[in-house]
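Written out below as structure tokens is the structure these notes cover.
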Amino acid sequence: MKALAVLIALMASCSSGPQSQGNMQTPVEARKEPQMNIPKDTWEPIFFKAIDERARIANLKTLRSAALPDGDLEVRVWFGFGLTALEGLVLRRVAGQWFAIYLDGVVDKVNSNKSKRNLHAPKSGWDLCWQRLQDAGLLTLPDAAAIGCSGNATDGMSYVVEYNHAGIYRTYLYDNPNYAKCDEAKRMIRLVNLISEEFGVRQN
């Protein structure tokens, strides 16, 4: 009888041990909202009214509210404003895989599928392209207004960069950098030219 009791106890232990652990689900760690780095300047609500409208046409959610998994990122570079129809480049890295989308300049009431197009991989390849964009200042250029580097022109091409990367959401503006004299404006122009070179999209 003792031997039988020991055998039953061992069988119960085996059935409730590794097997039950295999059925347990590890709770998914809650994604944290990104830290906001948004200039407190008059341009921000004005320009983002147009940005949010263009994103809505393309069925894109606002980037500043997205909680991305570790390692994922998204960058949006907006071109136009003023008299020029707003266009945009969206770069995404999701689970190690890259995507590029171009948003054409459109007016409202346009089918969202006709207002955007997928782009091929950049000319130099994704890893090198991403390094080149970072070296050009994509993530580090200051906001033009914060350093007194506005173009002060009534018409032309302005650029807004926004990104959600490494737990930080940040945005900055260069309004008409072709008319500005600071080195940062020249770097912004070189960055735009680099994007055009890598992805074959016309800008500036």
So Lys181 clears everything in (1) among the charged types (D, E, K, R); (2) at pLDDT below 95; (3) closer than 25 Å to Asp72 by Cβ except one condition, right? Which one? (3)
Any idea which of (1) over 30 Å from Ile147 (Cα atoms); (2) modelled with pLDDT of 85 or more; (3) open to solvent by less than 60 Å² (accessible area, probe 1.4 Å) is the one Gly17 doesn't satisfy? (2)
Pair list, Cβ < 6 Å and 6+ apart or interchain, from segment 177-196 residues that are within 14 Å of Trp130 (Cα to Cα) and assigned to a helix (DSSP H, G or I) to residues that are open to solvent by 30 Å² or more (accessible area, probe 1.4 Å) and at pLDDT below 95: Val192/Asn204
Give the number of residues within segment 150-165 that are in contact (Cβ under 8 Å) with a residue 40 or more places away in the chain and surrounded by 13 or more Cβ atoms within 10 Å (Cβ to Cβ). 10
Scan Ile195, Ile147 and give me the residue that is open to solvent by 10 Å² or more (accessible area, probe 1.4 Å), β-branched (Val, Ile, Thr) and either out of contact with any Phe, Trp or Tyr (no Cβ under 9 Å at 6 or more places or on another chain) or closer than 30 Å to Asp70 by Cβ (or both). Ile147
When residues of segment 169-192 are limited to those that are among the aromatic types (Phe, Trp, Tyr) and within 23 Å of Asn37 (Cα to Cα), the one surrounded by the most Cβ atoms within 10 Å (Cβ to Cβ): Tyr174
Residues that are crowded, with 16+ Cβ neighbours inside 10 Å and of a type in the set (A, V, I, L, M), at least 1 per element: which strands (runs of 3 or more DSSP E) completely within segment 41-138 meet that? 73-81, 84-94, 97-103
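The values are calculated or read from the model by the stated rules, or taken from the named source; none is laboratory data. Keep in mind the model is a prediction, meaning the values are calculated, not measured. Please note: Cβ atoms are built from the backbone with ideal geometry, for glycine as well, and neighbour counts cover all protein chains shown. Please note that ligands, DNA and RNA were not included when accessible areas were found on the heavy atoms of the full protein model with its side chains. Shrake-Rupley method; radii C 1.70, N 1.55, O 1.52, S 1.80 Å.
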